[in-house]
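Data block below; observations after.
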Amino acid sequence: MNKEYAPPEWAFEFHGHRCPFMPIGYRMGKLAMKSLGVEHEKDHGLFVFPEIGEGHPQTCMMDGMQIATGATYGKLLMAKTFYGKLAATFYHPQKGAVRYSLKPEFIDAMGKFEFFGYRKKGIEPSQIPEKIADEVIGWIDSQPDDFIFKVEPKPDFRFTPAKGSFNKAKCSQCGEYVFERYVRTKDGQPTCIPCSGYGK
Ligand SMILES: [Zn+2]
Ligand SMILES: [Zn+2]
């Protein structure tokens, strides 16, 4: 496999353990960047919308996507749809959008590796022998892109990010700063959401 699609060692360190899904997300991110013609995102240009939900074990993919693309959760460039699917749409307003998903045949073939036997017994990835983890990671590395990923251009995909603002107010109750769009009014005074007693 082309090594540019394998995560650097620091990515495993950042992620915390050796598992197959972080590297899959990394490769997905790298391929999507190439397909859109974008570089690692320095600022706020590239967005990633993973369809991954919660309560299933493949969520590690999202760390790989963030590491590869620079479209991070902290920069508000990643937002989950919670569809519970192994897919993500990569979107750049000037370059368009492309959706990558894992093919069912690939998922089935990967599921036969011993790594998942350990996982199904409830053993955490960091407790699985490295040899067992590297076996499945190495196998994935040797598979061609088109066996792993379905790729769909999404020419009609649109997304408008929230408009940035530096305006803030001090909450009349707790005295902490709260940014404009989150300021609520209680008894005529500006308050933060927790102090207001209102829902969002
Ligand atoms: Zn993981
Ligand atoms: Zn407050």
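Readers should treat all values here as calculations from the given coordinates under stated rules, not as data from a laboratory. Remember, predicted model here, so these are calculated numbers, not experimental data. So basically every Cβ, Gly included, is an ideal-geometry build from the backbone, and we count neighbours across all protein chains shown.
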Legend entry - Charge dipole (debye, nearest 20) of the stretch 96-200; +1 at Cβ of Lys and Arg, -1 at Cβ of Asp and Glu: 840
Inset, instruction - Pull out a ≥ b ≥ c, the square roots of the eigenvalues of the alpha-carbon gyration tensor of the stretch 3-120, then state rounded if a/c is under 1.5, prolate if not and a/b is larger than b/c, and oblate in the remaining case. - result: prolate
Inset, instruction - Find the Cα radius of gyration of the stretch 82-200, compare it with 2.2 N^0.38 Å by division, and give the number to two decimals. - result: 1.75
Legend entry - Choice from Lys85, Lys131, Lys121 showing the highest fluctuation, given a GNM over the chain with Cα pairs closer than 10 Å: Lys121
Legend entry - Ordering of 71-81, 102-112 by burial proxy (mean other Cβ atoms within 10 Å per residue, highest first): 71-81, 102-112
Inset, instruction - Sort the stretch 130-200 into rounded, prolate or oblate with this rule: let a ≥ b ≥ c be the square roots of the eigenvalues of the Cα gyration tensor; rounded if a/c is under 1.5, and if a/c is not under 1.5, prolate when a/b is larger than b/c, oblate otherwise. - result: prolate
Legend entry - Test item: Cα-centred dipole of the chain, Lys/Arg +1 and Asp/Glu -1 on Cβ, debye: 800
Inset, instruction - Starting from the eigenvalues of the Cα gyration tensor, five times each then square-rooted, give me the equivalent ellipsoid semi-axes of the stretch 54-147, largest first, whole Å. - result: 27, 16, 13
Legend entry - Ranking of Thr191, Thr59 by count of other Cβ atoms within 10 Å, fewest first: Thr59, Thr191
Legend entry - Order by protection proxy (mean Cβ within 10 Å, highest first), peptides 162-175, 16-29: 16-29, 162-175
Legend entry - the stretch 4-75 - charge dipole about Cα centre, Lys and Arg +1 at Cβ, Asp and Glu -1, debye rounded to 20: 120
Inset, instruction - Work out, in µm²/s and without decimals, the Stokes-Einstein translational diffusion coefficient of the chain at 37 °C, 0.692 mPa s, Rh from Kirkwood over C-alpha pairs. - result: 174
